[in-house]
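Please treat every number below as a calculation from the coordinates, not as lab data. Not measured: the values here are computed from a predicted model. All Cβ positions, even for glycine, are placed from backbone atoms using ideal geometry, and neighbour counts span all protein chains on display.
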Amino acid sequence: MWKGPSWVLLLLRPYWRCYFPNTQAIIYVVDSSDTDRLVVANEEFHAILEEEELKGAVVLIYANKQDLPGALDDAAVTEALELHKIKNRQWAIFKTSAIKGEGLFEGLDWLSNTLKSGGG
């Protein structure tokens, strides 16, 4: 989820659809240290999954900011985003720390291998 003032997010949302055609994968980055915003992140995430042009896309979720104290682990983020509800597409979640470069390549490797094997 793009982090910024709510009004900016509302202004940009209509333009997201410009990028949907022919999308094979979604990379969704969650601030796992900001538990207050996970409710909104969940709502936005599931709204994106409902978009018709994204129905076949595989999903990579980064539970980012694992370097911060109190960050939720991947199991807790899985629960918060209700990933168990995703039945019709491939998905994976990886714990990451973008600032330390941890977990990023593992997620991209999964995504690359999934797309090569016919996912998305």
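For segment 36-53, backbone nitrogen atoms closer than 15 Å to the point 7 Å from residue 82 Cα along Cα-to-C-beta are found at 38-51. Comparing mean-square fluctuations of 56, 107, 70 from a GNM of the chain with C-alpha springs under 10 Å, the top value falls on 70.
The trypsin sites (Lys or Arg not before Pro) of segment 9-72 that DSSP puts in a loop, and whose beta carbon has at most 11 other beta carbons within 10 Å, are 55. For residue 96, neighbours were defined as the other residues whose beta-carbon sits under 11 Å from its Cβ, and their charges (Lys and Arg +1, Asp and Glu -1) total -2. One decimal place: the segment residue 89-residue 13 gains 25.0 nm when fully extended, by the rule 0.36 nm per residue minus the C-alpha distance.
Of the labelled options (1) 10.0; (2) 7.5; (3) 8.7, which one gives mean projected area of the Cα convex hull in nm² as computed for this structure? For mean projected area of the Cα convex hull in nm², the calculated option is (2).
Quick one: net charge around residue 72, please, counting Lys, Arg +1 and Asp, Glu -1 for every other residue with C-beta under 10 Å from its C-beta. Let's see the in-between values first.
Working: positive: 65, 95; negative: 31, 34, 73, 74, 79.
Here the charged neighbours net out to -3.
GluC sites (Glu not before Pro), restricted to segment 8-86: which are DSSP loop and have at most 14 other Cβ atoms within 10 Å? Display every interim value, and only then the final one.
Details: sites: 43, 44, 50, 51, 52, 53, 79, 82; in loops: 50, 51, 82.
Hits after loop and neighbour filter: 50, 51, 82.
Segment residue 113..residue 100, full-extension length gain: 2.3 nm, with 0.36 nm per residue of separation and the alpha-carbon distance subtracted.
Coupling constants for segment 94-105 follow from the phi torsions by the Karplus curve (6.51 cos²θ - 1.76 cosθ + 1.60, θ = phi - 60°), and in residue order they are 10, 6, 9, 9, 4, 5, 9, x, 9, x, 5, 5 Hz; glycine and proline get x.
Report relative contact order for the chain in percent, whole number only (criteria: Cα-Cα under 8 Å, sequence separation at least 6). All intermediate terms of the calculation are to be shown ahead of the outcome.
On the way: 163 pairs, mean separation 31.2, N = 120.
Relative contact order for the chain comes out at 26 percent.
In a simple Cβ point-charge model (Lys, Arg +1; Asp, Glu -1; nothing else charged), the chain has a dipole of about 300 debye relative to its Cα centre.
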